[in-house]
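Novice: A single structure is presented below for examination.
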Amino acid sequence: MTLSHTAMRPPPMALPPSGEQPRPAPVTPALAHARTGMHRHGMIALPAEERWVRTARHFAASLLARWDVVPEDQDPVLLIVGELAGNAAQYGRADMIVSLAFEGRAVRIEVADSGATAPSPHPRCTGAPDEHGRGVGIVELLADWTETLEERDHRRDRAGLRVATAPAEEPQADLALA
């Protein structure tokens, strides 16, 4: 079994025009994935901010396509990734790690957030009450199983569901007409 591990490196400093302070270059998320036999795994480390949830979904979509998961089974996985990453961004800590594993015929999704609790400049529920609190219910409805592990300095939300893959295409033999 091969596992992937990534860590965010501090962003490089961009060279400023003369007289200005150095500023961080745009952050590029660390990516890792492995494909070995029937076990496949991918993970991405991101800041726990709402603007990175889209990146987490795109990362998951690229893995699912690479693993040949059929489109109708990709949608629930992407919804779960979006909900769990969104919760980590809204309620979590400084960093989040999104990982997916494809084992046999099931995809396991895990979103972990860690670090010091991020201070929120705005109240948590600024929208209408009916706009919040549905994510956990959506995840539980779509997933075959869910699990939450919470400790003092991190939280891990997990979900899993069975998926189908597209049949492997067999090479076409060249037929010569006589």
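No value in this document is a laboratory result; all are computed from the given coordinates. On a predicted model such as this, the values are computed, not experimentally measured, just so you know. We place every Cβ from the backbone using ideal geometry, glycine too, and count neighbours over all the protein chains shown.
Novice: Taking θ = phi - 60°, what integer Hz values does the Karplus form 6.51 cos²θ - 1.76 cosθ + 1.60 yield along region 93-109, in sequence order, with x for Gly and Pro?
Specialist: 10, 6, 10, 9, 10, 9, 9, 10, 10, 10, 10, x, 10, 10, 10, 9, 10
Novice: On to the next question. For the pair Arg51 and Asp68, how long in nm is the line joining their label points, each one 7 Å along Cα→Cβ?
Specialist: So the label points at Arg51 and Asp68 sit 3.9 nm apart.
Novice: Hey, another quick one. Using the Kirkwood radius built from alpha carbon pairs, what does the Stokes-Einstein equation give as D for region 50-108 at 10 °C and 1.306 mPa s, in µm² per second? If you can, show how the numbers build up before the last one.
Specialist: Numbers: Rh = 11.8 Å.
The Stokes-Einstein estimate is 134 µm²/s.
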